[in-house]
Amino acid sequence: MASFGDHAEIIKSISEAPPTHYMVKIESFSLLTKHAIERYETESFEAGGYKWKLVLYPNGNKSKNTKDHVSIYLALADSSSLGPGWEVCAVFRLYLLDQNNDNYLILQGKERRFHAVKREWGFDKFIATGTFSDASNGYLMEDACMFGADVFVSKERSSGRGECLSMIKDATSSKHVWKIENFSKLDKESYDSNPFFSGDRKWKIRFYPTGTKQGTGTHLSVYLILADPETVSDGTKIFAEFTVRIFDQLQGRHIAGKATRWFSRSSSENGWVKYVSMVYFTQPNSGLLLKDVCLIEADVCVHGITSTL
């Protein structure tokens, strides 16, 4: 049984008509769990004059103590244009494609009020994971599925758009080593490495020899950046796992930082403001700066890409 908070208010139906406002296709669904993506938010879409998002928990919403179910919610994405005390009343339907019968499982609840304290409504137990994963039911076929939404605010409706989250099976990493010479003579705020490719995207290492932001004057700052963010279309997000190392050229005790992040046109860099202290970096026995040379390596693996349908 799907859980909406008020079980008696849930209407469950089957329809051949697809959702009007938004669809999200997820390929290699099982890799969400493998890469510990507990919550996925879609890009925003418009319905009834407001911006919305779908929020998916592939293994259940742990904050609601939900287990063995897929949780899915509708969230108001942007309330910045609304005045104090705002609220939006909406009825919505959430869809799941049955690929065997080419129709949709639909769950709908009663009208809900979205406001500053409660921006998100939906189904804690949208569908049991056992039912969802059983290929005979048609919901998860060849590790791919499709969810959707319709949102009704008053009587307004708008044309839909959608996105596709493609998780990459057997993703491979790419390494790039950057040799920085004459470190003591560096006089710019930051330096970029030559570009290199990983996951069909061009990347660079960005290095601040005297730090930036909270690390200014005390630490070296190191970032991984998308080399050409202007070529990334709106709505595209890149899920990357990356490691940045500064080599210990004496004893092999390298300094390393590892992270997994989403990159996009508006969020094109991620890294460490306080990567390593200048005091340690410049110590002769640290091996990080040898004969005024340091070596920085980036190891990047792209595990998933979200694009517009």
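The values are calculated or read from the model by the stated rules, or taken from the named source; none is laboratory data. Everything numeric in this text was worked out from a predicted model, so none of it was measured. When we count neighbours, we look across all protein chains shown, and the Cβ atoms used for this are built from the backbone with ideal geometry, even at glycine. The accessibility values were calculated without ligands, DNA or RNA, using every heavy atom of the protein model including side chains. Shrake-Rupley method; radii C 1.70, N 1.55, O 1.52, S 1.80 Å.
Brief remarks follow.
- Simple spin-label estimate for residue 68 and residue 188 gives 5.9 nm between the two label positions (7 Å along the Cα-to-Cβ direction from each Cα).
- Taken per residue, the accessible surface of the range 146-257 reaches 52 Å², heavy atoms only and a 1.4 Å probe.
- Taking label positions 7 Å along the Cα-Cβ direction at both residue 179 and residue 133, the computed distance is 5.0 nm, reported to one decimal.
- Added length on full extension, which subtracts the Cα-Cα distance from 0.36 nm per residue, residue 78 to residue 261: 63.6 nm
- Note on the chain: Cα Rg divided by 2.2 N^0.38 Å, N the number of residues, gives 1.21.
- Other residues with beta-carbon under 9 Å from the beta-carbon of residue 195 carry, at +1 per Lys or Arg and -1 per Asp or Glu, a net charge of 0.
- Helix-only [θ]222 nm of the chain, DSSP H runs n ≥ 4, -39500 (n - 2.57) each, per residue, nearest 500: -1000 deg cm²/dmol
- Cβ-Cβ distance of residue 100 and residue 30, R₀ of 25 Å, FRET efficiency by 1/(1 + (r/R0)^6): the value works out to about 0.85.
- Percent carbon-and-sulfur accessible area, the range 163-308, ignoring ligands, DNA and RNA, probe 1.4 Å: 45 percent
- Calculated over the range 6-59: convex hull of Cα atoms, volume per residue (Å³): 142 Å³
- Pairwise label distance in nanometres, residue 213 with residue 12, each label 7 Å out on the Cα-Cβ vector: 4.6 nm
- Reachable aspartates and glutamates from residue 62, criterion Cα separation under 17 angstrom, eight or more residues apart if same chain: 38, 41, 120, 124
- Pairs of C-alpha atoms in the range 149-280 farther apart than 18 Å represent 63 percent of all such pairs.
- Within the shell of other residues whose beta carbon sits under 15 angstrom from the beta carbon of residue 13, the net charge comes to -1, with Lys and Arg scored +1 and Asp and Glu -1.
- Report note on the peptides 110-122, 42-54: ranked by the mean count of other C-beta atoms within 10 Å, highest first, their order is 42-54, 110-122.
- With R₀ fixed at 41 Å, the C-beta to C-beta distance from residue 89 to residue 170 puts the FRET efficiency at about 0.30.
- Shown here for the range 180-288: GluC sites (Glu not before Pro) in loop regions (DSSP other than H, G, I, E, B) with at most 12 other Cβ atoms within 10 Å, namely 181, 189.
- Listed pairs 34/213; 53/175; 34/204; 12/169; 51/169; 67/110 exceeding 29 Å between Cα atoms: 34/213; 53/175; 12/169; 51/169
- The value of relative contact order for the range 11-157, using C-alpha pairs under 8 Å at least six residues apart, is 34 percent.
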